[in-house]
Amino acid sequence: MIRNIFRYNKTFQLESGQSLPGLNRCYYTSEQQNHFGKPVVWICHALTANANPYDWWPELVGEGKLFDPDSFFIVCANIIGSSYGSTSPLSINPKTGKPYLTDFPLVSVRKWVKAHELLYDGFLVEQEKNSEKTNHFWKETLHQRTFQKSWKAPAIAC
């Protein structure tokens, strides 16, 4: 799996009325780009665990396993608040120059989903730079099958 960091450099408004000045999202992919239009498996992991499913789901993810990277393009992202590379209580609060720690704002599940959508949009921008075919694949597969109710491709949670 390849570790990546997605940076969202705009203010991220939270439901509490607080905001974050930007977001870092750590995510892993089975390869740098989905050059071959493989079906996408977007793994949603247990709350604050790291985003490398090889580390915590080796029985199901890997060569010769149910979710084989030779057959699927695998994506797994940390949620906001995870201390494994995403914006979290360990991140530096720009107002104080120190880690947020207990001052880190509450983040709703709805905002976790919004952050996943921002990551998805970031994939589209990056894929557009590389290949219109790949970009079309992301639009059709990842969006409809991850964020829409008509789930037709593998999308799993643990």
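Among the residues of the range 89-120, just one is out of contact with any strand residue (DSSP E or B) (no Cβ under 9 Å at 6 or more places or on another chain), of a type in the set (Gly, Ala, Ser) and under 14 Å from LEU20 (Cβ atoms), namely SER108. Looking at this structure, is LYS129 modelled with pLDDT of 50 or more and basic (Lys, Arg)? The answer is no for LYS129.
Can you name every residue in the range 28-72 that is touching a strand residue (DSSP E or B) at 6+ places or on another chain (Cβ under 7 Å) and at pLDDT 85 or above? Correct list: TYR28, THR29, SER30, ALA51, ASN52, PRO53, TYR54, LEU60, VAL61, PHE67, PHE72. Applying the condition of being of a type in the set (S, T, N, Q) and under 19 Å from the mean Cα position of the chain (by Cα) to the range 56-95 and asking which residue is surrounded by the fewest Cβ atoms within 10 Å (Cβ to Cβ) yields SER83. Taking every residue in the range 100-112 that is among the small types (Gly, Ala, Ser) and pairing it with any residue that is surrounded by fewer than 17 Cβ atoms within 10 Å (Cβ to Cβ) and in a loop (DSSP other than H, G, I, E, B), at least 6 positions away or on another chain, the pairs with Cβ-Cβ distances below 7 Å are SER108/GLU15.
Tell me, yes or no, whether the range 25-35 has at least one residue that is in contact (Cβ under 8 Å) with a residue 40 or more places away in the chain and farther than 20 Å from GLY122 by Cα. Please lay out each step first, then the result.
We begin by selecting, within the range 25-35, every residue in contact (Cβ under 8 Å) with a residue 40 or more places away in the chain; these are 25-31, 33-35.
Now restrict to residues that are farther than 20 Å from GLY122 by Cα: none.
No: the range 25-35 contains no residue that is in contact (Cβ under 8 Å) with a residue 40 or more places away in the chain and farther than 20 Å from GLY122 by Cα.
Looking across the range 73-93, the residues that are touching a Gly at 6+ places or on another chain (Cβ under 9 Å) and at pLDDT 90 or above come down to THR87, SER88, PRO89.
So in the range 2-28, with the set limited to residues that are polar (S, T, N, Q) and in a strand (DSSP E or B), which one is nearest to VAL75 (Cα to Cα)?
At the first step, the residues of the range 2-28 found to be polar (S, T, N, Q) are 4, 9, 11, 13, 16, 18-19, 24.
Checking which are in a strand (DSSP E or B) leaves us with 4, 13, 19, 24.
Values: ASN4: 10, GLN13: 25, SER19: 26, ASN24: 16 Å.
Among them, the one singled out is ASN4.
Is it true that some residue in the range 59-68 is in contact with a Cys (Cβ under 8 Å, 6 or more places away or on another chain) and either in contact (Cβ under 8 Å) with a residue 24 or more places away in the chain or not hydrophobic (A, V, I, L, M, F, W, C) (or both)? No, because not a single residue in the range 59-68 is in contact with a Cys (Cβ under 8 Å, 6 or more places away or on another chain) and either in contact (Cβ under 8 Å) with a residue 24 or more places away in the chain or not hydrophobic (A, V, I, L, M, F, W, C) (or both).
The values are calculated or read from the model by the stated rules, or taken from the named source; none is laboratory data. Predicted, not measured: the structure shown is a model, and the values here were computed from it. Because the Cβ atoms are built from the backbone with ideal geometry, glycine has one as well, and the counts that use them run over all protein chains shown.
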